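All remarks here apply to the structure that follows.
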């Protein structure tokens, strides 16, 4: 099979318009004859469900949470980018496109990224009309702020809760369609398999998390909007329930997996405090505007920070990157923080943290100004750590935050399985090897509100009205497989809990498929992941039954899939013999220790094909051609 | 620290529940409350016993999934804090902690500490939105919104739908939850067109779900993890009255 990204011809600014003009349409009267399944109710899923139902399609929506409103988009803090140029500071669709493609270290598709930038402006209009209470100026117009990786002010925000407000807007649009009878919501349902009939996605198999009932749902098309798989690292800023199961089952049914090893590690999170740690909390990137990052010059210096004199401190980001200082991009900051901690210069009880110090800013601007800017973050920090960051420096450490990799999709957001679409973080499409701040919300909503409503029609128009019955043998076979998998998990009755094994997997991934990677480390990781998987299936302990609410069984199924996905991530990281964005291979660095891309050999999307449990996956390459921008070496010195 | 936990255990909605006492040891003051329960559950699983079921997801105070009644208070002793953001440093070695699910007739217990809050979603679906199709929105800056109105709307819109207001209220009233949505949309120009219909429908749905009436104890505001003000209830009452008077019903 050869990959066809279906990128439209023509100048970049006309591609999407031309494409829309040529997509096939389903007439208004015929739309009600089509059923569409949407899995996941974050920004991408909720916006898609609402928009498709508005068009007249019958939509069924599934989420594992007790309410669709709790999907993890809710937790996004900072904001959403849009090329409105309200600030008159020279922003444009072109600039947003350029910043995003450069920020992704030239590993994303130009046409997709341009379309994203183009649609960004419509998203803001839509959200405001829904009643999203964005920050405003005294004159009543919308306010903006700056974010990393950009020289213009184009980020729209609703205090530190932009994701919450945008999601509640999308959910309200979806709720309206529920009210009108066009959307049916199935909360506390987990998708456990994809059903493919004659090469087309025809439905899903779900487990009702309250009763354990395994049930099939048939449809004309299936949309996955299930988010990222940061939890493969056990500790991440993701919600505890975020998982890869839906996309992993789709992968095993034939959907190719794009760039699985591209995972973003955010530099400023609250450090781990002990072995019991269940998740990590992000501290907004904006803190690096006024906080200075430092560690003691001496190894193992255990003095409290206020007793370490100025000349014995190493402000290592300012020292190494005088031009950008503390505001270097996420990947660069994370790598340098890890480096100083590995040298034994980390601080705090575990030594796995650096200081983010506001004392100079407080001296310069006064405590009031700092409180106005970051009050809620300081409060959150104190709630979690019990420390007052106005008096003692914050301690921060990088944490897994976002996954750029995901199911491979073409320009229509369709996977390699016809009829299966992937939206938002669960596809690989727009962020290349590194995502810029305030771009995730933009992508989720662009996919759901403004792309899928057009592209799905093109598929359905050709498909015809006939639906495959949920009694079809393919559904029965999938149901049987799901039931057997559950029975197997419950029958092992070994010695180790799911969390113990998951924690161990997370450590392997963090150590070898994390901020810094090497061929030796990745080979070692592959062995460890396989051993751990073997141990899981021999020695895991899952209690309770499959006919009730059973969180330990749910977790076990998700971790079983993480144990397979982890291997694919390591394989992908091992094959990519270059450094780009978040993917830093020690063998490939410049003399100054920065990421060294190899455009000649690796300017492609790695799309992996599943070939069975005992076969290695097959690599397919989608070559990336840069017609409109010229890839350059990123420099922040 | 070592703690005694008295936890409500209930197999399902039909079964009778009871308190079960557990001991947990070596709890770190830096743990979150849910991490402390994770430790208990890991122990239970190792012993082959059924772990305690509780809802949780983001663990950063924004998804609204978690919600435990801790020592007689919704989300525990700390003001403006969800259960997942409550840390064990607020308890002392040797303490006994009583943990219950939300108690309200419209929130039936599903299992242990997990309750069914779908009534809240049904209220929002009864008109708790602005009718605007994708693609038909005007330019975002074409309608200025006074900053004060936008800020106040935000304060209301910050509701996480956890249900603590209902759990804290002696009448199991959902007035603060409903008012937060009514007020959020009524404060914005975009919400004006449907505001009468909206408040009438949402209040009717709230009553249908069996939530109690408001008797102004303000327990909801005191326990709301997002500290949403009861002034929104006053606004909703005004909106409701105005809608009733003009609807002709």
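Okay, here's what the table says:
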{"read-out": "Selection from region A:4-42 of residues that are in contact with a helix residue (DSSP H, G or I) (Cβ under 6 Å, 6 or more places away or on another chain) and farther than 26 Å from residue A:629 by Cα", "value": "A:23, A:24, A:25, A:26, A:31, A:34, A:36, A:38, A:39, A:41, A:42"}
{"read-out": "Within region B:152-170, tally of residues that are over 11 Å from the mean Cα position of the chain (by Cα) and facing chain A (nearest Cβ under 8 Å)", "value": "4"}
{"read-out": "All helices (runs of 4 or more DSSP H) inside region A:1-110 with 3 or more residues being in contact with a strand residue (DSSP E or B) (Cβ under 9 Å, 6 or more places away or on another chain) and away from chain B (no Cβ under 14 Å)", "value": "A:93-103"}
{"read-out": "Matching residues, region A:269-298, being in a strand (DSSP E or B) and away from chain B (no Cβ under 14 Å)", "value": "A:292, A:293, A:294, A:295, A:296"}
{"read-out": "From A:127, A:108, A:76, A:117, residue being crowded, with 24+ Cβ neighbours inside 10 Å, more than 22 Å from residue A:18 (Cα to Cα) and modelled with pLDDT of 95 or more", "value": "A:127"}
{"read-out": "Residue tally, condition at the interface with chain A (Cβ under 10 Å from one of its Cβ atoms) and touching a residue at least 60 places away in the same chain (Cβ under 8 Å), over region B:16-32", "value": "3"}
{"read-out": "Residue match in region B:175-183 (condition: touching a residue at least 40 places away in the same chain (Cβ under 8 Å), more than 21 Å from residue A:135 (Cβ to Cβ) and surrounded by fewer than 23 Cβ atoms within 10 Å (Cβ to Cβ))", "value": "no"}
{"read-out": "Residues satisfying the stated conditions in region B:43-62, i.e. outside any loop (DSSP other than H, G, I, E, B) and within 7 Å of chain A (Cβ to nearest Cβ)", "value": "B:45, B:46"}
{"read-out": "Boolean, residue A:159 is surrounded by fewer than 20 Cβ atoms within 10 Å (Cβ to Cβ), modelled with pLDDT under 95 and in contact with a helix residue (DSSP H, G or I) (Cβ under 7 Å, 6 or more places away or on another chain)", "value": "yes"}
{"read-out": "Check on residue A:281, surrounded by fewer than 24 Cβ atoms within 10 Å (Cβ to Cβ), outside the structural domain of residue A:457 (by TED's automatic domain parsing) and closer than 30 Å to residue A:550 by Cα", "value": "yes"}
{"read-out": "Filter result for residue B:12 (within 24 Å of the chain's Cα centre (by Cα), closer than 13 Å to residue B:113 by Cα and within 13 Å of chain A (Cβ to nearest Cβ))", "value": "yes"}
{"read-out": "Residue A:577 being more than 30 Å from residue A:102 (Cβ to Cβ), touching a residue at least 12 places away in the same chain (Cβ under 8 Å) and surrounded by fewer than 18 Cβ atoms within 10 Å (Cβ to Cβ)", "value": "no"}
{"read-out": "Qualifying residue in region A:507-518 (condition: over 26 Å from residue A:334 (Cβ atoms) and in a helix (DSSP H, G or I))", "value": "no"}
{"read-out": "Hits in region B:220-249 (condition: surrounded by 17 or more Cβ atoms within 10 Å (Cβ to Cβ) and more than 17 Å from residue B:160 (Cα to Cα))", "value": "B:235, B:236, B:239, B:240, B:243"}
{"read-out": "From the options B:142, B:173, B:183, residue that is more than 8 Å from chain A (Cβ to nearest Cβ) and within 23 Å of residue B:55 (Cα to Cα)", "value": "B:173"}
{"read-out": "Out of A:271, A:305, A:260, A:267, sole residue that is in contact with a strand residue (DSSP E or B) (Cβ under 9 Å, 6 or more places away or on another chain) and within 26 Å of residue B:27 (Cβ to Cβ)", "value": "A:271"}
{"read-out": "Scope region A:553-576; condition under 19 Å from residue A:488 (Cβ atoms) and out of contact with any helix residue (DSSP H, G or I) (no Cβ under 6 Å at 6 or more places or on another chain); matching residues", "value": "A:553, A:554, A:557, A:560, A:564"}
{"read-out": "Residue list for region A:406-422, filter: in contact with a strand residue (DSSP E or B) (Cβ under 6 Å, 6 or more places away or on another chain) and not in a strand (DSSP E or B)", "value": "A:408, A:409, A:413, A:415, A:417, A:418, A:419"}
{"read-out": "Residue check for residue B:80: in a loop (DSSP other than H, G, I, E, B) and either away from chain A (no Cβ under 11 Å) or within 24 Å of residue A:499 (Cα to Cα) (or both)", "value": "no"}
{"read-out": "Residue in region B:177-198 that is on the phi < 0 side of the Ramachandran plot and in contact with a strand residue (DSSP E or B) (Cβ under 8 Å, 6 or more places away or on another chain) present", "value": "no"}
{"read-out": "Any pair with Cβ under 8 angstrom, 6 or more apart, that starts in region B:188-199 at a residue that is free of Cβ contacts under 8 Å to residues at least 24 places away in the same chain and more than 10 Å from chain A (Cβ to nearest Cβ) and ends at one that is crowded, with 20+ Cβ neighbours inside 10 Å and assigned to a helix (DSSP H, G or I)", "value": "B:192/B:186"}
{"read-out": "Search result, residues across region B:128-145 that are outside any loop (DSSP other than H, G, I, E, B) and buried (at least 22 other Cβ atoms within 10 Å of the Cβ)", "value": "B:140"}
{"read-out": "Residues satisfying the stated conditions in region A:179-198, i.e. within 14 Å of chain B (Cβ to nearest Cβ) and either out of contact with any strand residue (DSSP E or B) (no Cβ under 6 Å at 6 or more places or on another chain) or at pLDDT below 95 (or both)", "value": "A:179, A:180, A:181, A:182, A:187, A:188"}
{"read-out": "Selection status of residue A:136, surrounded by fewer than 24 Cβ atoms within 10 Å (Cβ to Cβ), at positive phi and at the interface with chain B (Cβ under 9 Å from one of its Cβ atoms)", "value": "no"}
{"read-out": "Matching entry among B:65, B:104, B:74, B:119 (being crowded, with 19+ Cβ neighbours inside 10 Å, within 26 Å of residue B:169 (Cβ to Cβ) and facing chain A (nearest Cβ under 7 Å))", "value": "B:65"}
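Results for (1) away from chain B (no Cβ under 12 Å); (2) buried (at least 20 other Cβ atoms within 10 Å of the Cβ); (3) part of a loop (DSSP other than H, G, I, E, B), shown as yes or no for each residue.
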residue	(1), (2), (3)
A:461	yes, no, no
A:525	yes, yes, no
A:538	yes, no, no
A:545	no, no, yes
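The values are calculated or read from the model by the stated rules, or taken from the named source; none is laboratory data. All values reported here derive from a predicted model rather than from experimental measurement. Because the Cβ atoms are built from the backbone with ideal geometry, glycine has one as well, and the counts that use them run over all protein chains shown.
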